[in-house]
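Chemist: Shown below is the structure under consideration.
The values are calculated or read from the model by the stated rules, or taken from the named source; none is laboratory data. The structure presented is a predicted model; accordingly, all values stated were derived computationally and were not measured. SASA here: full protein model, heavy atoms, side chains in, ligands and nucleic acids out. Shrake-Rupley method; radii C 1.70, N 1.55, O 1.52, S 1.80 Å.
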Amino acid sequence: TPACFVRRYAALLGEEDGNGDDDKDKDGGAAQQARARAQTEAAFLVEVSVCDGSFAGLRPSVVALAAMLCALDRLPPQQRRLQQQQLRAGGSSSSERQRAEFERAVED
């Protein structure tokens with residue numbers, strides 16, 4: 001379902017740095033708050049999408065990705081910068097495995 005994909009996409013934003021340390025130690029939890037906010041907003045958008053028949057023919061992964069991108073765009077500028085920095089840095093220590101899973105899931 002699109003909600004499952006939202007959770008997977010949120011996981012791609014990472015939970016830890018390369019040393020296994022939680023982001024909370026580095027930035028006071030701001031990156032963690034940004035991820036949680038984006039995931040919550042994306043989940044809401046996915047729920048709203050089921051009320052509109054025009055989304056019925058789309059793959060769940062596409063609906064979820066669109067919802068996540070909209071949610072990330074709606075983050076306040078400070079939180080958006082934190083997420084962009086983390087994504088450029090490679091996300092979590094298991095980011096390669098997560099990206100591979102993501103690509104397989106989108107292909108389905």
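Chemist: Work out, step by step, the length gained on full extension between Arg59 and Phe44: first 0.36 nm times the residue separation, then minus their alpha carbon distance; give nm to one decimal.
Modeler: Values: separation 15, 0.36 × 15 = 5.40 nm, distance 1.74 nm.
Difference between extended and current length: 3.7 nm.
Chemist: Please arrange Glu47, Glu41 by accessible surface area, largest first, computed with a 1.4 Å probe and ligands excluded.
Modeler: Glu47, Glu41
Chemist: Karplus couplings for segment 44-56 from phi (6.51 cos²θ - 1.76 cosθ + 1.60, θ = phi - 60°), rounded to Hz, Gly and Pro as x?
Modeler: Along segment 44-56, the couplings run 5, 4, 5, 5, 5, 5, 6, 7, 10, x, 5, 8, 4 Hz.
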